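Visitor: Input: one structure, supplied below.
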Amino acid sequence: MVDEAGARTPRIIHPLYIRVTHWVNAVAIFVMVLSGWRIYNASPLFHFEFPAGFTLGGWLAGALAWHFAAMWLLALNGIAYLAYCVVSGHFRRRFLPISLRRALDDIILASQGRLDHAPGRYNAAQRLLYVGVILAVIVAVLSGLAIWKPVQLQALTALMGGYESARRVHFFAMAAIVAFLIVHIGLAVAVKGVLAPMFTGRAEAPR
Ligand code: HEM
């Protein structure tokens, strides 16, 4: 914001509610991914295993305990985040409209180092990525439920194409989330002035 003297004064660009749910979500997802890799290693779907040093839980039962504990955290925190996003108008203001064309333009600009980052406003590429990862997390939770309770939730498991197919859906949802995280964390660290406001909430930004 620019005051009467022409100076820019900081304002809250990330509300406390968004910051808390974002970081709780980040912890839950890290625990779920790392314990998930240990569970995968006990019965690999493909011809590879994840390095044991990058897994959590030590053994199958330990990893399952971590995975289920973080699952409740992710589900409850995720519902709280999405409910706030929709009810407060945060989703509409920050993520809409979504345009594939504009997202591609922004990616090209970013690759040339010409994309401006306006604090408190997401560019078209960010919008697409954030909404994409929210959908990937929802698919991961639903396919996880389909694998966890295939008898009680047989309609959901059938919707995923059966138990074996639901395992693959779960794996590829995880892969999409990890791919997002590589880009997201890379940009959060590389782009100046983006990371600190996600902790403090404040940044010098236009209204
Ligand atoms: C682990 C799973 C994570 C997911 C699913 C995730 C997802 C998201 C989403 C959806 C937003 C938009 C929030 C909103 O306005 O509603 C966001 C913002 C942000 N995230 Fe994450 N995030 C994750 C982890 C991280 C980590 C580990 C970091 C830092 C190292 C990080 C740094 C940030 C920053 C700095 C912003 C604000 C970006 C900006 O103002 O341009 N995130 N994240």
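The values are calculated or read from the model by the stated rules, or taken from the named source; none is laboratory data. Only a predicted model underlies this, so the values are computations on that prediction, with no experimental measurement involved. These area figures cover heavy atoms from the full protein model, side chains too; ligands, DNA and RNA do not enter into them. Shrake-Rupley method; radii C 1.70, N 1.55, O 1.52, S 1.80 Å.
Visitor: Once every Cα of the stretch 56-120 carries one equal point scatterer and solvent is ignored, give the base-10 log of I(q)/I(0) from the Debye formula at q = 0.12, 0.25, 0.27, 0.28 Å⁻¹, two decimals.
Guide: Values returned for q = 0.12, 0.25, 0.27, 0.28 Å⁻¹ are -0.62, -1.01, -1.10, -1.13.
Visitor: Whole-Hz Karplus ³J(HN,Hα) for the stretch 36-42, in order, using 6.51 cos²θ - 1.76 cosθ + 1.60 and θ = phi - 60°, x for Gly and Pro?
Guide: Once rounded to whole Hz, the list reads x, 5, 5, 5, 4, 4, 6.
Visitor: Taking only protein heavy atoms into account and a 1.4 Å probe, give the accessible area per residue of the chain in Å². It would help to have the intermediate numbers written out before the result.
Guide: Numbers: 12410 Å² over 207 residues.
Per residue, the chain has an accessible area of 60 Å².
Visitor: Among rounded, prolate and oblate, which fits the chain when a ≥ b ≥ c are the square roots of the eigenvalues of its C-alpha gyration tensor, a/c under 1.5 means rounded, and a/b larger than b/c means prolate? Could the numbers behind the result be given before it?
Guide: Details: a/c = 2.02, a/b = 1.99, b/c = 1.02.
Prolate is the answer for the chain, as a/c is 1.5 or above and a/b outweighs b/c.
Visitor: Using the alpha-carbon centroid of each, what span in Å lies between the stretch 68-87 and the stretch 43-61?
Guide: After rounding, the separation between the Cα centres reads 26 Å.
Visitor: Another question about this same structure. Counting only protein heavy atoms and using a 1.4 Å probe, what share of the accessible area of the chain belongs to carbon plus sulfur, as a whole percent?
Guide: Working: 8790 of 12410 Å².
With neighbouring chains kept in place, the figure for the chain is 71 percent.
Visitor: Looking at the stretch 119-207, what % of the alpha carbon pairs are farther apart than 21 Å? Present the calculation step by step, with values, prior to reporting the outcome.
Guide: Numbers: 1818 of 3916 pairs.
For the stretch 119-207, the fraction of Cα-Cα distances above 21 Å is 46 percent.
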